[in-house]
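Structure record follows, encoded as structure tokens.
Taken together, the values in this text are just the output of simple stated rules run on the coordinates, not laboratory data. Here the structure is a predicted model, which means the values were calculated and not measured. Cβ placement follows ideal geometry from the backbone for every residue including glycine, while neighbour counts extend to all protein chains displayed.
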Amino acid sequence: MSEYAAGDHRLLRAALLLDSMLEGALGLLCIVLADAVARALGLVQANATLWLRLFGFVLIAYGALLLWVAFQQRVSRRVTQLTIVLNLVWALAVIAVLSTGAFGLSPSGRTILIAVTGAVLLLTVLEYAGLRKLE
């Protein structure tokens, strides 16, 4: 079954809502405060603010999708599984960036990235627990 009836997925709905809020907030920060975010991360590349703004729009779109899924009468199992996979891909990408020194992040930039990834992984665990609770 790819969807669950309403009323039996409070944990999953809450996790998806929190994830959508995190993505939306980070997206807005990247768009509105791109210069400050670039400085905080230690990004000195000429087009860093452009890429941060584009990334911000992607995060807002992803957050909007999660918000839509969370408010559906039936929560899609497949979309939730995809969310979990995308969050894990994010974490692996961060590990790759941190271990290779890509983008030349500053110490504060690495700390920010680790903190955001920790939050993403916590939400991923909650989403997984919510999904398992339904089985």
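Things to note:
- L82 versus A119: modelled label distance in nm, points set 7 Å from Cα along the beta carbon direction: 2.4
- Taking the chain and dividing mean pair separation by its residue count, relative contact order in percent (alpha carbons under 8 Å, at least six apart): 42
- The share of C-alpha pairs in region 62-107 whose separation exceeds 17 Å stands at 48 percent.
- The HN-Hα couplings worked out from phi for region 22-32 by the Karplus form 6.51 cos²θ - 1.76 cosθ + 1.60 (θ = phi - 60°) are 4, 4, x, 5, 5, x, 4, 4, 5, 7, 6 Hz, whole numbers, x standing for Gly and Pro.
- Crossing angle, helix 107-134 versus the chain [Cα axis fit, 0-90 degrees, rounded to tens]: 10
- Using the rule -39500 (n - 2.57) for each DSSP H run of four or more residues, divided by the residues of the chain, the 222 nm mean residue ellipticity is -27500 deg cm²/dmol.
- Other-chain or far-sequence residues with amide H under 5 Å of V75's (modelled H): Y4
- The chain, Rg to Rh (Cα coordinates; Rh as Kirkwood inverse mean 1/r): 1.03
- Where a label projected 7 Å from the Cα of S106 along Cα→Cβ would reach, residues of region 38-68 with amide N under 16 Å: 38-46, 48-49
- Largest to smallest principal axis extent of the C-alpha atoms in region 16-81, angstrom: 44, 16, 14
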